[in-house]
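The values are calculated or read from the model by the stated rules, or taken from the named source; none is laboratory data. Treat the numbers as computed from the prediction; the structure is a model and nothing was measured. Cβ coordinates were reconstructed from backbone atoms using ideal geometry, including for glycine residues, and neighbour counts include every protein chain displayed.
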Amino acid sequence: MQQTASIQNCSKPVFSEKNPSFQAVAHRGEITSRWPQGRSGFTLMEVLVVVAIIGVLSGVATLTYAQLLPGYQLKSTIDRIFSTMQMGRSEAIRRSAQCVLVFDPGTEEYHLFVDRTNLSDCHFEPGDEEISSGSISAAHVNYVNSEITFHVNSAGLPAIAFTPRGFIRSPGATFGNGRVVLANSRHEKRAVVTHWSGQVRIE
């Protein structure tokens, strides 16, 4: 009798009330399970639609990045030159020494240094101290040589000097009003403009 009762008890469903989504069925003394009917995965058409949407979004993102990159490179480069000019002015005041910023269109570089030798020519010579330098070619940006209005130094390179009082002058002790212009691959232009009073701005 006890064995018969045990078999009868095993034939009853278990966990059916506590977990309706999972059914346990006793079949010949073994418990098996099955998921509810009607539950299925993605169809092939749904998968293809999702893949197509991802492909379209990836293409749009790549195109947008390619369009925005030249503008970003131009802005970041012009910002670095602006910051270098601000550094040159502050260092000239702090050190009570003339600091010079030279632009080299041939190498696509610029150099900031403390001029300790010939203060009039604004040219780097032995004994001068370089503070900072940068390159614009890495960002695929170029100088617009025809629109650089700074006077040239004794080496024929555009340059400006920051005096210990914070003013800006050009080689030959003239006022340092002028600009340096950059352009990117899309022919967009940005400029850093200086005033002899020491003011620097971006256009």
Exercise. Can you pull out the residues in segment 144-162 that are over 20 Å from GLN86 (Cβ atoms) and either out of contact with any Ser or Thr (no Cβ under 6 Å at 6 or more places or on another chain) or of a type in the set (Lys, Arg) (or both)?
Worked result: VAL144, ASN145, SER146, GLU147, VAL152, ASN153, SER154, ALA155, GLY156, LEU157
Seminar exercise, completed: Counting only residues in segment 81-116 that are out of contact with any His (no Cβ under 7 Å at 6 or more places or on another chain) and among the β-branched types (Val, Ile, Thr), the one surrounded by the most Cβ atoms within 10 Å (Cβ to Cβ) is identified as VAL100
Problem set entry | Hits in segment 136-175 (condition: loosely packed, with under 14 Cβ neighbours inside 10 Å and either polar (S, T, N, Q) or without any contact (Cβ under 8 Å) to a residue 60 or more places away in the chain (or both)) | SER137, ALA138, ASN145, SER146, GLU147, GLY156, GLY172, ALA173, THR174
For this session: Can you tell me which residue among ILE93, ILE136 is more than 22 Å from the chain's Cα centre (by Cα) and under 24 Å from ASP79 (Cα atoms)?
Result: ILE93
Exercise. Restricting attention to segment 176-196, which residues are surrounded by fewer than 19 Cβ atoms within 10 Å (Cβ to Cβ) and under 15 Å from CYS99 (Cα atoms)?
Worked result: TRP196
Problem set entry | Pick from segment 171-203, criterion part of a strand (DSSP E or B) and farther than 17 Å from ASN145 by Cβ, ranking: modelled with the lowest pLDDT | THR174
Exercise. Does segment 86-129 hold any residues that are under 24 Å from TYR143 (Cβ atoms), at pLDDT 95 or above and among the small types (Gly, Ala, Ser), and which are they?
Worked result: GLY88, ALA92
